[in-house]
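Heads up: the structure comes next, in structure tokens.
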Amino acid sequence: MYTGLTGIGTSTEARGNPTHQAAKRSIIPSFLRDPEDTPDGRFKEHITYENVSSYPLGYPSWAAYQNSDPTFRIYKRFGTLRNRVLLYRQQELAKLEERLNELDEEDDQDPTRNHRIRSLRRDQADTESTRMAIINEIDAKLKHYDDLLERELRSGNLQKPTKRNYRSLVNYLWNRAPIVRSEMTFLKHRDDFVMLTEQCESPLERTLDHLICSVPFAWFKRLFSSEAQRNKIDKTKDSHTTLTSTERVEQLARFIASILAILLIGIPLYVLASGCFTDKTKITTLLVALVFFPVAIQIAARPKNHDLFTATAAYCAVLSAFLAASTNFNFGQSQYQPVGNGTLWRV
């Protein structure tokens with residue numbers, strides 16, 4: 001999902017032509033269509049999809065745009081402001097704590113008032129005591145302070161948008177100009193934005209999504225978008241925004257990852273098991289495969305460190321076993337061959 005800058009986006013698609021629309025729909029094979037793309041005739045005239053261009057240009061259309069795709073839900077966190085408020089409330093509580101400690105010390109040193117810190121009932125019954133008022137004020141401010149801490153914790157745990165997602169928001173506001181320029185100044189601090197949707201794309205999926213959005217062919221983009229996504233963006237008014245189906249991009253990424261896994265395992269095993277290659281070639285193939293395997297895993301998947309280490313170790317063990325079985329190298333063990341007089345010569 002991406003919004004390009006003016007002059008970089010996709011070409012404008014024809015709209016309103018039933019023949020043209022039917023022709024474009026027929027391009028997509030049935031196995032690539034989402035269930036929602038298959039009409040069944042029920043409520044045919046009543047079921048519609050939200051279109052961004054149907055809203056007035058301004059904050060209404062901007063809100064519809066950010067709702068059109070999960071990766072567009074990017075908002076400013078106001079992290080500095082949140083911490084500024086926390087610091088002020090923290091200082092207020094520190095002052096109240098200091099007042100309470102001073103009051104306790106004064107009552108403890110005065111024999112006529114030390115009963116206030118030894119008996120809660122007598123302290124509450126004493127009309128001159130201000131301790132309960134301070135306690136109640138501390139309680140009220142602590143509730144607000146705890147609420148601020150929880151909100152800051154939740155806000156800080158939100159995922160940061162990628163550079164590409166952030167640029168989509170900036171490009172949309174620049175291309176369509178739904179609001180006045182003076183109200184776009186909040187965009188200048190890129191590191192202060194968060195995304196409400198947790199995105200767990202692999203590097204391969206991000207690359208594929210970028211390539212799909214960059215291809216100038218409309219029919220190719222339709223292969224990786226649902227009918228609902230295509231109806232959300234009116235290409236006659238916004239030709240630079242492309243919505244892609246996460247499920248279809250993931251399917252393509254899994255297919256490519258499967259092919260890559262087969263090649264990374266099949267090619268080295270063929271070289272190591274074949275008798276057509278020298279031992280030097282086999283060792284070189286083993287080393288090259290061991291270098292490319294963890295790189296390919298990191299590109300095609302999202303492994304944790306221990307998972308990557310385990311997979312690489314297992315891959316190394318398998319290839320090493322094939323190398324030992326198909327070469328004259330025995331990794332430190334002596335080999336002897338008999339000669340004509342029965343003597344064993346070390347080789």
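Throughout, read-outs are computed from the coordinates displayed, never taken from laboratory work. Source: prediction; values computed, not measured. Backbone-built Cβ (ideal geometry, glycine too); neighbour counts: all protein chains shown.
List of remarks:
- Share of pairwise Cα-Cα distances greater than 18 Å in the range 83-177 is 65 percent (whole percent).
- Length gained when the stretch residue 136-residue 185 is fully extended (0.36 nm per residue, less Cα-Cα span): 13.5 nm
- Per-peptide packing, taken as the mean over residues of other Cβ atoms within 10 Å, places 138-146, 62-70 in the sequence 62-70, 138-146 from highest down.
- Largest-first ellipsoid semi-axes for the range 125-205, taking √(5λ) over the Cα gyration tensor eigenvalues, angstrom: 45, 19, 7
- Equivalent ellipsoid semi-axes - Cα gyration tensor, the range 84-242, angstrom: 61, 16, 13
- With q set to 0.16, 0.17, 0.24 Å⁻¹, the log10 of I(q)/I(0) for the range 249-326, from the Debye formula over equal scatterers at the Cα positions, is -0.61, -0.67, -1.10.
- Net charge dipole size for the range 249-326 [Lys, Arg +1 and Asp, Glu -1 on Cβ; Debye, nearest 20]: 40 debye
- Potential extension, residue 281-residue 314 segment - 0.36 nm per residue separation minus Cα distance: 9.7 nm
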